[in-house]
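**Q** The structure under discussion is supplied below as C-alpha cells; questions concerning it will follow.
Taken together, the values in this text are just the output of simple stated rules run on the coordinates, not laboratory data. As the structure is a computational prediction, the values presented were derived from the model and not from experiment. FYI the Cβ positions are ideal-geometry reconstructions off the backbone, even for glycines, and counts take in every protein chain you see.
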Amino acid sequence: MKDATKLVLIILLALVFLNGCKDENVQREALDFSCLERYLDTMQNLLGIDQIEEIDGTYPVASATELENSLSDLKLGLSKAQAGTVLIIS
C-alpha cells in the first residue's frame, strides 16, 4: 500500500512539474492597424474644421461631442489592441 501511495505521489509531482514547464511565449500574428489609423485621422480632421456650429450648412455641436467621445473610445481600444490586452477576432 505504501508503494502505491509513493507511486501516485511521484506521478502527481511529475505532472505538476511538467505542467509548470510549458512555454508561455506564444507568438501572435502581427495585426495591421493602418486602415483603422487612417479612419482615426479622418475623424480627427473632421473635429479640426471650423464648421461646427448651430447654423445651416455646418455640423451640429452635439454631433461633434459624440464624435469626440467615439474617437476617445476608439483610441483606447486601439491602444489596448496594440498592447495585446484585448482579444481581436476577425
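**Q** Determine the relative contact order of the range 29-90: mean sequence separation of Cα pairs under 8 Å and six or more apart, normalised by residue count, in whole percent.
**A** 23 percent
**Q** Follow-up question, since we're still on this one. Would you tally the net charge around ILE49, using a Cβ to Cβ cut-off of less than 14 Å, leaving ILE49 out, and scoring K and R as +1, D and E as -1?
**A** -4
**Q** FRET efficiency for THR85 and ASP50, Cβ-Cβ distance as r, R0 = 30 Å, nearest 0.05?
**A** 0.20
**Q** Once amide H atoms are built 1.01 Å from N in the peptide plane, which residues 5 or more positions from TYR59, or in another chain, come under 5 Å H to H?
**A** Sorted by chain and number, the residues that satisfy this are ILE52, GLU53.
**Q** How do the peptides 48-56, 71-79, 32-40 rank, highest first, by the average count of neighbouring beta carbon atoms within 10 Å per residue?
**A** 71-79, 32-40, 48-56
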